[in-house]
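Please treat every number below as a calculation from the coordinates, not as lab data. Only a predicted model underlies this, so the values are computations on that prediction, with no experimental measurement involved. Methodologically, a virtual Cβ is constructed for each residue, glycine included, from the backbone with ideal geometry; neighbour enumeration extends over all protein chains shown.
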Amino acid sequence: MPWRALVLEFPQLLLAFWTLVLIELAPSILAADFAHLADQVERATAGGASVIHVDIMDGHFVPNLTLGPPVVKSLRRATRLPLDCHLMIENPDQFVPEFAEAGANWISVHQEVCRNLNRTLNLIKQHECRAGVVINPATPVETLSEVLDIVDYVLVMSVNPGFGAQKFIPGTLHKIAKLAEIRTARGCEYRIEVDGGIGLDTVAEVVRAGAEILVSGSAVFGKGDAKVNAQALLEAARSASLQRV
Ligand code: DX5
Ligand code: ZN
């Protein structure tokens, strides 16, 4: 009796659909050709990317320099996708207003640099951006316990921040799983993002652990066509997400 079977399986089908919808690819422009940024972002978007990840480094918190609000402002004109600004800087409070003004939609700050994390997250929200908190590989999930109710997303670094094309650290997987568990237990609403070393060889395990927003730089822009690369990553991520259901 097909109708009866359909009705019985409806909740499972709904869950599978919802799981697929939650998976998002956020290409990191750090690995893109900056002379052709708009084209590269457009190719990744054509491949299914739904968020653009922008790495901001200050040469202090991490040993590298990247870009600032003017590039975010130009990107804002080049894409309609949300701009996810990952601030790897020591004094985020000073720059949150400028990045928001430049067109950032999501702003994340590192737990390791925020002396007043609650205040910084609220500052991001006051500027009408989604507020994210980031933890380095050596930072435990427990350090976030008091902000999990107010953050929109948690970003788990799966490499030490500062550079693209580093090797994925498998020891960070348990933190993704723990964040998913805590979310269910506490009824929180944050989403779980992962960043660093995400490619065709690692995407399935981070998704199975519970990651939903997948940052990927070199696997999208490193070689070949960003559209094809993004499609392949999303396909692998979505089939892994179905294994979770
Ligand atoms: C590292 C950055 C990442 C980086 C990811 O500090 O936060 O976003 O660009 O690059 P891949 O995907 O090449 O590891
Ligand atoms: Zn990043």
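Worth a mention:
- A DSSP coil position with no more than 13 other Cβ atoms inside 10 Å describes the following trypsin sites (Lys or Arg not before Pro) in the range 89-159: R115.
- Helix 2-22 and the longest principal axis of the Cα set of the chain meet at an angle near 10°.
- Separation of alpha-carbon centers, the range 169-245 and the range 139-160, rounded to whole Å: 16
- Going by neighbour counts of Cβ atoms within 10 Å, the residues I89, I169, I107 line up, fewest first, as I169, I89, I107.
- The chain - percent relative contact order, Cα under 8 Å, separation 6 or more: 22
- Cα-based radius of gyration for the range 98-245, normalised by 2.2 N^0.38 Å, reads 1.04.
- By the count of other C-beta atoms within 10 Å, a proxy for reagent exposure, C188, C85, C114, C129 are ordered fewest to most as C188, C114, C129, C85.
- Of the trypsin sites (Lys or Arg not before Pro) in the range 173-239, those whose Cβ has at most 16 other Cβ within 10 Å and which sit in DSSP loop: K223
- Of the GluC sites (Glu not before Pro) in the range 1-110, the ones in a loop by DSSP (not H, G, I, E or B) with at most 16 other beta carbons within 10 Å are E90.
- Counted over the chain, the DSSP beta bridges are approximately 5% antiparallel.
- Expressed as a fraction of 2.2 N^0.38 Å, the C-alpha radius of gyration for the range 1-85 is 1.62.
- Compactness of the range 204-245 as Cα Rg over 2.2 N^0.38 Å, two decimals: 1.18
- Helix 117-126 vs. the chain, principal-axis angle (Cα, 0 to 90°, nearest 10): 80
- Value of D in µm² per second that Stokes-Einstein yields for the range 1-149, Kirkwood Rh from Cα pairs, at 4 °C (1.567 mPa s): 75
- 0 to 90° range, to nearest 10: angle between helix 226-244 axis and the chain longest Cα axis: 50
- Working from the Cα coordinates of the range 43-117, the gyration tensor eigenvalues give, after taking √(5λ), semi-axes of 23, 12, 12 Å in decreasing order.
- Basic side chains Lys and Arg get +1 at the Cβ, acidic Asp and Glu get -1 at the Cβ, and with that the dipole of the chain about its Cα centre reaches some 440 debye.
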